[in-house]
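To start, the structure itself, in structure tokens.
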Amino acid sequence: MKTKMNFRQVLSQVLNLLLVLSSAYMGYKALSFMTDCESPVVVVLSESMEPSFRRGDLLFLDNRKPSIEKKLEGSEPSLWEKIWHGSPLGIGDIVVYSLPHRPIPIVHRVVKLYESENETKFITKGDNNRIDDVGLFPRPMTYLDREKHVIGVVRGYFPYLGMITIWLTDYPILKYVLLGALGLLTLFQKEESS
């Protein structure tokens, strides 16, 4: 009888762990859907945006593009209005974009903007860089297109929280130690009986 209860307790703990993991994944996917971003949370990996953002800062992105200028009749929208309604891209906005030949997205500020009826093209530059990003683009490309390249526009951040991700990437053994410790904690945690 004691063995059966232990098996049930272990099974209950494993199911609880799976429930927590699946809930976190569903929350991430819901956030992705609401913000129209494939990746609504990213980590700054370099120093190119210092002092605005530092390596390890966690950025929250939004990629909704409805125009709110018609509603506001020429007034500049506040940050909260941009978050709530989405907004067109503007000079000074910080974007996360990807290039076809680079696997890691880039976080830089919009410095030049070319808008027409149906497209937004722009050039970016890191706050800590001397020149703009045109040198990073593949040969025939001279600007970025919002529809093709932008993952999201930065709407908020949390300082240094992303360092955990950087450490787990830089030191893979740490990932296995952490997963093992969580697994052991889950298996050996005693459930109180009522």
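The values are calculated or read from the model by the stated rules, or taken from the named source; none is laboratory data. Since we're looking at a predicted model, the values are computed, not measured. All Cβ positions, even for glycine, are placed from backbone atoms using ideal geometry, and neighbour counts span all protein chains on display. Note: areas computed on protein heavy atoms with side chains; ligands, DNA, RNA excluded. Shrake-Rupley method; radii C 1.70, N 1.55, O 1.52, S 1.80 Å.
Tabulated values for the structure
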read-out: Residue count, the stretch 23-38 (criterion: open to solvent by 30 Å² or more (accessible area, probe 1.4 Å), in contact with a Gly (Cβ under 9 Å, 6 or more places away or on another chain) and among the hydrophobic types (A, V, I, L, M, F, W, C)); value: 0
read-out: Residue within the stretch 113-131 that is surrounded by 12 or more Cβ atoms within 10 Å (Cβ to Cβ), without any contact (Cβ under 8 Å) to a residue 60 or more places away in the chain and touching a Gly at 6+ places or on another chain (Cβ under 8 Å) present; value: yes
read-out: Pairs with Cβ under 6 Å, 6+ apart, first in the stretch 34-47 and touching a residue at least 12 places away in the same chain (Cβ under 8 Å), second acidic (Asp, Glu); value: THR35/ASP62; VAL44/ASP57
read-out: Residue list for the stretch 96-112, filter: of a type in the set (A, V, I, L, M, F, W, C) and surrounded by 13 or more Cβ atoms within 10 Å (Cβ to Cβ); value: VAL96, LEU99, ILE106, VAL107, VAL110, VAL111
read-out: Residue ID - modelled with the highest pLDDT, chosen from residues in the stretch 46-88 that are among the hydrophobic types (A, V, I, L, M, F, W, C) and open to solvent by 50 Å² or more (accessible area, probe 1.4 Å); value: PHE60
read-out: The listed residue being open to solvent by less than 60 Å² (accessible area, probe 1.4 Å) and at pLDDT 85 or above, out of VAL20, VAL14, VAL41; value: VAL41
